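The values are calculated or read from the model by the stated rules, or taken from the named source; none is laboratory data. This one's a predicted model, so the numbers in the text were calculated from it and none came from an experiment. FYI the Cβ positions are ideal-geometry reconstructions off the backbone, even for glycines, and counts take in every protein chain you see. SASA here: full protein model, heavy atoms, side chains in, ligands and nucleic acids out. Shrake-Rupley method; radii C 1.70, N 1.55, O 1.52, S 1.80 Å.
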Amino acid sequence: MFSWLGTDDRRRKDPEVFQTVSDGLKKLYKTKLLPLEEHYKFHEFHSPALEDADFDNKPMVLLVGQYSTGKTTFIRYLLEQDFPGMRIGPEPTTDSFIAVMQGDVEGIVPGNALVVDPKKPFRKLNAFGNAFLNRFVCAQLPNPVLESISVIDTPGILSGEKQRISRGYDFAAVLEWFAERVDRIILLFDAHKLDISDEFSEVIKALKNHEDKMRVVLNKADQIETQQLMRVYGALMWSLGKIVNTPEVIRVYIGSFWSHPLLIPDNRKLFEAEEQDLFRDIQSLPRNAALRKLNDLIKRARLAKVHAYIISSLKKEMPSMFGKDNKKKELVNNLGEIYARIEREHQISPGDFPNLKKMQDQLQAQDFSKFQPLKSKLLETVEDMLANDIAQLMVLVRQEESQRPTQMVKGGAFEGTLHGPFGHGYGEGAGEGIDDAEWVVARDKPMYDEIFYTLSPVDGKITGANAKKEMVRSKLPNTVLGKIWKLADIDKDGMLDDEEFALANHLIKVKLEGHELPNELPSHLLPPSKRKITE
């Protein structure tokens, strides 16, 4: 059992004992952060209160994109099976939010039933009303991929005239609610439809502060030629740069995520490499889930602190008797100045403040006389949580990670390339000749032998100095050549015989062709005469 004890004088006398990170997060939230949130009406302005299911649920992946970009097909590709409620077509077919989750039997749970289930992390979605709940379902099915993660399919974002039709609920606000709670947000783009509609632009802006979770997939890339693909990729990066205000570039994965033959197979290797990178990113989610929840709690605590300062400042400025309405209008209009003052007085980063325009709009409907003055004890409790409890909980995260086997998403498309000849890079680079009966280096050995005998071998071997003269001709850096030397000098005598020299040249060729070198020499690259040495 893991445990950590509070030793700070300000903390309660009874030591805190947590068995898991999840237990620790729940207890810290309920005892230290929730009282501050409730006191200053945080839930009316920003985000509903968290529940146990928010800390216990599996990692979730949210798919967002305009209609017909392949969101539902992407889920079908990952699971390698259909799921209840799935509809695929070129028109806007998915008109609901579908939470695809693990279940013993296949079936659909409607939204109104979902939001009363305490085991599911969706109870607070009832705030969006029936118009949304009628468009929200949970598709349950037994699938090995869903044992580790859940996937949220969203309605296609509309463009042109269609985006003017009201959905009946705040679409951007719903996506923002999910964004706060998911582990990964995947924005899908169709290589033929890069225009970012007003609704899509609004959605991406609503995902602000969650850029660390965002990834971009340029889908259906097999339908265009290489030259066009370069232009499309450049246009996509330009469009994203105008909307996503971060100095870093969002990671874009290029590919065709469905199980049909590639229409234009020229970029097959690129698509395979990109798919493996994306799969590795998704597979890492269970391993990093506890850390993500810890990080989200810290972000929430920082926002709650700033919110408390804003509300208490507004309360302090309000008159006790007359002129309340006029003073309220003045304070709302001058909210930017209040932000600046709080920033100076409390040394708070500008990035921790909520959106100014949104906060002003929300304040218009509030009764300032019901706001609470600054209560230092509540803020000190949260400060203590951030300074001490979170640091201790971080140690527990590492302990849990070290004591658990490596957690990865398994099954479905993730298994297809793990074993056998269809794994990424199988039979290429250092893996070339892995299934051949003959030593693969032997094909070019006559050419390497000619060079070998010009380097003055003594007793069938050349010195390191002579080998270096030839190897540096490759223009590879010394760090790479040093690694090649270690791999090729199998008997570790500081010299190379003809087979070892041929192997060194083969590895140089592998590197020059753009492949990575192995950390250990694969068995199929061992020279035939050296195989007994290593056994």
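Computed from Cα atoms alone, the Kirkwood hydrodynamic radius reported for the chain is 27.5 Å. Amide H contacts of Met60: Ser150, Asp183, Arg184, each under 5 Å away and 5 or more positions distant or on a separate chain (H built 1.01 Å from N in the peptide plane; Pro and chain starts excluded). Split the accessible area of the chain by element, probe 1.4 Å, and carbon with sulfur accounts for 51%. Label-to-label distance for Asp95 and Asp493 is 7.9 nm, based on points extended 7 Å past Cα in the beta-carbon direction.
Remark: relative contact order (the range 429-525) = 42 percent; criterion is Cα-Cα distance under 8 angstrom and separation of 6 or more residues. Overall shape: oblate for the range 181-303, with the ratio a/c of the largest to smallest alpha carbon gyration tensor axis at 1.5 or above and b/c at least equal to a/b.
Let me have the 222 nm mean residue ellipticity of the chain computed from DSSP H runs of 4+ only, each contributing -39500 (n - 2.57), with the sum over all residues rounded to the nearest 500.
-13000 deg cm²/dmol
Its Kirkwood hydrodynamic radius, worked out from the mean inverse distance over all distinct Cα pairs, puts the range 61-141 at 13.4 Å.
Taking all Cα pairs closer than 8 Å and separated by 6 or more residues, the relative contact order of the chain comes to 15 percent. Here Glu330 and Glu202 are evaluated by their C-beta separation; at R0 = 41 Å the FRET efficiency comes out at 0.85. Residue-wise HN-Hα couplings along the range 514-531, as the Karplus relation 6.51 cos²θ - 1.76 cosθ + 1.60 with θ = phi - 60° gives them from phi, are x, 8, 7, 7, x, 6, 10, 5, x, 4, 6, 8, 5, x, x, 6, 9, 5 Hz; Gly and Pro carry x.
Charging the Cβ of each Asp and Glu at -1 and of each Lys and Arg at +1, and nothing else, the dipole of the chain about its Cα centre rounds to 2280 debye. Taking the C-alpha atoms only, the angle from helix 390-403 to the longest principal axis of the chain is near 40 degrees.
Per residue, the solvent-accessible area of the range 429-525 (1.4 Å probe, heavy atoms of protein chains only, all protein chains present) comes to 55 Å².
Give me the tail of P(r) for the range 60-284 as a percent: Cα-Cα pairs with distance above 20 Å.
59
For Ile254, the residues 5 or more places off, or on other chains, whose built amide H falls under 5 Å of its own are Leu218.
Per residue, how much accessible area does the range 60-284 have with a 1.4 Å probe, in Å²?
For the range 60-284, the per-residue accessible area is 44 Å².
Residue-wise HN-Hα couplings along the range 97-112, as the Karplus relation 6.51 cos²θ - 1.76 cosθ + 1.60 with θ = phi - 60° gives them from phi, are 7, 10, 8, 8, 9, 5, x, 5, 10, 6, x, 10, 10, x, x, 5 Hz; Gly and Pro carry x. Pair-distance distribution of the range 325-419: all C-alpha pairs, bin width 5 Å, starting at 0; shares per bin in whole percent are 2, 9, 11, 13, 13, 10, 8, 8, 8, 8, 6, 4, 1, 0, 0.
Residues whose amide H lies under 5 Å from that of Asn143, counting only those 5 or more places away or on a different chain, are Gly103; hydrogens are built 1.01 Å from N in the peptide plane.
Listed values for the range 319-333 are Karplus-derived 3J(HN,Hα) couplings in whole Hz (6.51 cos²θ - 1.76 cosθ + 1.60, θ = phi - 60°), namely x, 7, 10, 9, x, 5, 5, 5, 5, 4, 4, 4, 5, 5, 5, and x replaces Gly and Pro. Length gained on full extension, Asp281 to Lys242: 11.5 nm, using 0.36 nm per residue less the C-alpha separation. The modelled label-to-label distance for the pair Asn355/Gln227, using points 7 Å beyond Cα in the direction of Cβ, is 4.2 nm. Once the chain from Glu520 to Ala113 is taken as fully extended at 0.36 nm per residue, the excess over their C-alpha distance is 141.0 nm. Here r is the Cβ-Cβ distance between Glu438 and Asp52 and R0 is 56 Å; the resulting FRET efficiency, rounded to 0.05, is 0.35. Selection among Ser47, Val458, Ala191 by position relative to the dipole of the chain gives Ser47 as farthest towards the positive end (Cβ unit charges, Cα centre). Model label sites at Ala172 and Glu343, defined 7 Å from Cα along the beta-carbon direction, differ in position by 2.2 nm.
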